[in-house]
Structure formats: C-alpha cells, structure tokens
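Values in this text are rule-based calculations from the coordinates and carry no lab data. The structure presented is a predicted model; accordingly, all values stated were derived computationally and were not measured. No Cβ is skipped: glycine too gets one built from the backbone with ideal geometry, and neighbour counts run over all protein chains shown.
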Amino acid sequence: MLAVSCVGYAEDAPSFSIVVKPLVTDGKVTALEVRQTFSGDLPAEGRPLVLRAPLGLFGVKSIADQISGLQVTDAEGKVALAVSDDPTQAGPVFGMRRWRALRKAVMPVSVQYRIATQPAGEGGPPYGMKSSGAGVAGRGSGFLVLPENTTSRFTRFAWDLSALPPGSQGVITAGAGETIVPGPPSEVATQWMLAGPARVFNSARSPRFHIYLLGVQPFDAASMIDWADRGYATLARTMKYLGAPEYRLFFRALDVPSYATGTGREAGGGALMTAGNTLGKQSVDDVKTTVFHEMAHQWVGDLSGAGVWFVEGLTTYLTAVLPCQYGMAESAFCANGINNHAADYYRSKARNWSLARIDAAGSNEESVRRVPYGRGMLYFGLVNTQLLEKSGGRRTVLDMLAPMFAARTHGVRLDEAAWEAALVQELGQSAVNDFRAYILDGSKTLVPPSGAFGACLTRKSIRMETDRQGEKVDGYEWQPISGCHPG
C-alpha cells in the first residue's frame, strides 16, 4: 500500500482522523494516547456509533482491558457508551469488545483514550506496541479502538512526537509522517507502526525499499541492512509480475533476551522484525531467514480460502532456495532453513493430519501449527522438480505460477481450484490426486527428490525424535555437497 497525498482526493477527503502520541516515563514509552475525530460518514438513519477493539491477539494477551479513559464527545457533549464482549475464543483474535453509543452522535465527534504498551517479555508475533530504545513499534491491531460502522473510505493518520527525543520520526507501512490510508478504518489496524529516533536506510539499489531500525540491535546492522536490500532486489527480479513495490521493513530491539520473530502481511507493503538485546539461542542466520521470509510474503500474496499450505509453504520454499540460487548465501545457510521446516513436518504428530484437522486445532499448539509450513515447502520442491524434469530444465514452479499471480492483480480469483486446474494442464490429473493426498488429506508423506532444493544439496535419511517424548520416526534432511557452490 502506498502513502498518498491529499491532493487529488478532494471529493474523498478523509472524514476520519487518528493522532497517536507516545507517552514516556523514565526514557521509555509506556503508553499511547490516541485521539480520533469524525467529521462525517457516521452511520445514517439514526444508528448509533459502534467502536471496537480486540480482547487479545495471538501474541498479545490483553488489549481491550488495557484501555483507560475512553471518552466519546460530540457537538452536544459527552456520549454515553454501553460495553459488551464477544464470547472468548482461541486466537488469532480472542474476540472483540464493543462500545455502543446510547444516542445518535452529532458532528464533529471526538474519541480519546490511553493504552499501556505491551510488556517486552510477552512472546509471539509482533502485533503489540512495545517500547524499543527511546521509541515504540508494533501493529495497529495491537492498540487501536476503531469504528465498526462508519462509511469512511480514507483515514488520515498522524503522530504526535512531542514527548519523544528530538529528531524522532513516525512512520507506518503506508508512509512516513502524516499519511492517508485508503480503505475503511479497519485498514489502519493492519499497518506496521514505528515512532522514535530510528536509523533509516533508503535503498539506492531499490529506491522504493526503506528500512527503519529502532533500539540497539544484537547483530551488525550494516550487514543485516545489506542482506535485506539484496533480498528485496532478488524477490523483485524473480517474481517479475509485481516488480519492485513500495516496501517498509521495520526492526525493533527489546530489552529482553531475543526470541526473534517477524510478521509481514501478505502483499501488505511491509513487515516488522523483533529481536532482543542478545540473540540468545538464535543466530544471525535465523534472523536473516526470518527477514527474507517475511519480505517474500509481499510477492506470494494470498490464496482465497484456506491457504496456509500455499501462503506459508511457498514463502518458506522461496526462502529455502532463492538466497542460494542468487548467490546471497552458501548452501549451509539454505540447508539449515530447509531442515528446520522439514523437521517440523516429519517430527510432528500432525504430519499426516488433514488440513481441516490442523486448522481445527487452532494456533496454540506450535508443533501442529508449523506443519503446513514444512508440508508446503516440501511439496513445492517436489512440484518444481517434476516441472523441470518434464520440460528438460526449462520450466519451474514459478513459471507455472507467474500467469496466475499476474491474473490475481487484475481481480481473478486464485484459489485451490485454480491451482488444481494449473496442475492438470502442466502435469496431468495424477498431480491433482497427489496434491490432495499430500496437502489436503495428509494421507501420503512427502519425500521430495534429493535435488529438490538445488544441485548443491543432497537428501539424507535420518531418525528423528518426535514431539512425543522418547519416540523416534524416519525423516529426511538436506546436506551441502562438498565443493559445490550455488548460484
């Protein structure tokens, strides 16, 4: 998503505005003050304004309960609110809290509240707004109360940086400074956000690629910036259908041992990486793998319907092969990433579960949740090998996907039916039968050929400890071939 100027939007000038002010105690951002203004587009026909916020998210235990001082006022004074909660449910969203106005609001309408930042030690994806250095970073969904029933089609988002150190800047995925976010207010919840004295890198290689680093990173920042810059360029030239889109990559460092993680919304224009003050049990290569993976989501995009096997599987596959194929890394780097995800697949009790059963298990059991990543990665390695063999080395799985991705940008639905239709055309009906057995039903265990991830890696059979104590299972890993150099 691109930052857009107000110029040219006179007929659709934002009627909903948000200003976020980070509040500082002893040099750390401990809370956010949020001010919202409606100048139009409230519900018609006397329906009351309804605001909502998540009770919690996967990785953020509490959101709505952290909100204090919520107040709605309009031209006639204070607006009373009735509060209700959805029944609690398993993540990724634990349910919603709603504040319903007890009378029709009269323009202009103002909403104000405060919310504490998320504790640094709570793990999971970086959805919560956390203090980092002398600033703060996270995602809109981790702190925003938003209108549920306004018809506004644009939101003006701005930062109040008056409590932060001089030279601080505020940025969201859609742009730096005051930004117009197209779409309903809920679109702001999907934005990655960062405010504070960040170091900024604007790529010379890819002018639409920007990196922001907040806090003291537990790795060499220059090396990581170079890795991300090269990764963005590699993805842009490999996935030609999309080219080099506007993209903002955020890093935040926390004052806790690292459990480095990152999240990038599919085709969302940005990602947020989290690291601690030390790498802990993780390595710099683990962080690099996460960076490449989250950026790859921009080009992989979404699959209509239940598509974790595709979205995460293809993203994991690209992360496993492209860095070595394009000379960014040696074979050992790619082997490590492949083997981590292959082990997640082979070791798990859910290895031969159907996708429906995996989805029903929810997101709380990590050994189950990770299976579609490894299953999808191995599957795309298999299909790529089959396409290469059939075409005499001229056609890959990305060649197969390219017209499907291009059509998706023009509104053509990309779903499992479209994938199966492409399989029939490329490899025949037997490939569809295999897809259903390997991916959807889980009834067949995936064992891609030895060269499925490049000529410099070879497959080896091993015994693996499962996620059940004391139990072992047959599995596979890929090892670098001595003297072979990828790319």
Which value, in debye to the nearest 20, describes the size of the charge dipole of the chain about its Cα centre when Lys and Arg Cβ atoms bear +1, Asp and Glu Cβ atoms bear -1, and nothing else is charged?
-> 100 debye
For a label point 7 angstrom out from the Cα of Val447 toward its Cβ, which stretches of region 460-487 have the backbone nitrogen within less than 13 Å?
-> 460-463, 474-477
In terms of modelled amide H atoms, which long-range or inter-chain residues lie less than 5 Å from the amide H of Thr263?
-> Leu272
In deg cm²/dmol, rounded to 500, what helix-only [θ] at 222 nm does the chain give when every DSSP H run of at least 4 residues adds -39500 (n - 2.57) and the total is split over its residues?
-> -8500 deg cm²/dmol
Projected onto the charge dipole of the chain (+1 at Lys/Arg Cβ, -1 at Asp/Glu Cβ, origin at the Cα centre), which of Gly483, Val371, Leu272 gives the Cα projection farthest towards the positive end?
-> Gly483
Proximal lysines to Lys390, defined as alpha-carbon separation beneath 24 angstrom and excluding residues fewer than eight positions away on the same chain = Lys240, Lys444
If R0 is 60 Å, what FRET efficiency do you get for Ala176 and Cys484 from their C-beta distance, rounded to 0.05?
-> 0.85
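Over 30 Å between Cα atoms: which of Lys61/Lys460; Lys61/Lys288; Lys21/Lys78; Lys21/Lys281; Lys104/Lys130 fall into that group?
Going by Cα-Cα distance, Lys61/Lys460; Lys21/Lys281; Lys104/Lys130 fall outside the 30 Å limit.
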Give me D for region 376-487 in µm² s⁻¹, whole number, from Stokes-Einstein with Rh from the Kirkwood sum over alpha-carbon pairs, 37 °C and 0.692 mPa s.
-> 205 µm²/s
To the nearest 20 debye, region 302-480 has a Cα-centred charge dipole, built from +1 on Lys and Arg Cβ and -1 on Asp and Glu Cβ, of 260 debye
Selected from Phe209, Ala137, Val34, residue furthest toward positive end of dipole (the chain; charges at beta carbon) = Ala137
Express in nm, to one decimal, how much length is gained between Glu465 and Asn433 on full extension, taking 0.36 nm for each residue of separation and deducting their alpha carbon distance.
-> 8.5 nm
Gained length - Thr238 relative to Ala418, 0.36 nm times residue gap less alpha-carbon distance = 62.6 nm
0 to 90° range, to nearest 10: angle between helix 284-300 axis and the chain longest Cα axis | 80 degrees
Per-pair calculated FRET efficiency, R0 = 45 Å: Asp85 and Lys472 via Cβ, rounded to 0.05 = 0.50
Mind pulling the angle between the C-alpha long axis of helix 416-427 and the longest principal axis of the chain? Nearest 10 degrees, somewhere in 0 to 90.
-> 30 degrees
Quick one: putting +1 on the C-beta of Lys and Arg, -1 on the C-beta of Asp and Glu, what dipole do you get for region 392-440 around its Cα centre, in Debye to the nearest 20?
-> 140 debye
Compare the peptides 461-469, 223-231 by average per-residue count of other Cβ atoms within 10 angstrom and give them in order, highest first.
-> 223-231, 461-469
For labels at Met107 and Lys349 in the simple 7 Å Cα→Cβ model, what's the distance in nm?
-> 5.8 nm
Degrees between helix 221-238 axis and first principal axis of the chain (Cα, 0 to 90, nearest 10) = 70 degrees
Peptides 15-26, 121-132, 65-76: what's the order by average Cβ count within 10 Å, highest mean first?
-> 121-132, 15-26, 65-76
Charge dipole of the chain about the Cα centre (unit charges at C-beta), most positive-ward option of Ala361, Val200, Met400 | Ala361
Just for the chain, what percent of DSSP beta bridges are antiparallel, to the closest 5?
-> 80 percent
